[in-house]
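A short write-up of the structure that comes next.
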Amino acid sequence: MLREVLSQQAPWDHDHDYTIQTVEVYFEADQTPPLDPKDRSPKSNKKYVRLNLGMTILEALAQDNHYIPMYPVLKVVSTDSDFRDSFLK
């Protein structure tokens, strides 16, 4: 999906920071408890977990420690932006 979305420059991306070569996708680990307590995985040692861009959305949502609150939240960050380092801290 991202390849399609990022195939053209977005009108707000004046510096062309967001391309398939420069983005990383993350989810926030352990954001909410699972609906069934027996589905809980060991707590992650990271706040944000990076996903492989080759994953399908289903594979991304099925990752350990990815408990979906009310709707899926995936964070797309550019490696070319100043925001990335502060986001990961």
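The values are calculated or read from the model by the stated rules, or taken from the named source; none is laboratory data. It should be emphasised that the depicted structure is a prediction, and the values quoted were computed from it without experimental measurement. We place every Cβ from the backbone using ideal geometry, glycine too, and count neighbours over all the protein chains shown.
Residue 77 falls short on exactly one of the conditions (1) in a loop (DSSP other than H, G, I, E, B); (2) at pLDDT 85 or above; (3) touching a strand residue (DSSP E or B) at 6+ places or on another chain (Cβ under 7 Å), and that condition is (1). Residues in the range 1-30 that are in a strand (DSSP E or B) and surrounded by fewer than 10 Cβ atoms within 10 Å (Cβ to Cβ): none. Beta carbons closer than 9 Å, at least 6 apart along the sequence or on distinct chains, pair a first residue in the range 49-73 that is outside any loop (DSSP other than H, G, I, E, B) with a second that is β-branched (Val, Ile, Thr) and at pLDDT 85 or above for 50/25; 51/25; 60/25. A single entry from 51, 58 fulfils the requirement of being touching a strand residue (DSSP E or B) at 6+ places or on another chain (Cβ under 9 Å) and either modelled with pLDDT of 80 or more or among the aromatic types (Phe, Trp, Tyr) (or both): 51. Number of residues in the range 10-48 that are at pLDDT 65 or above and within 18 Å of the chain's Cα centre (by Cα) equals 16.
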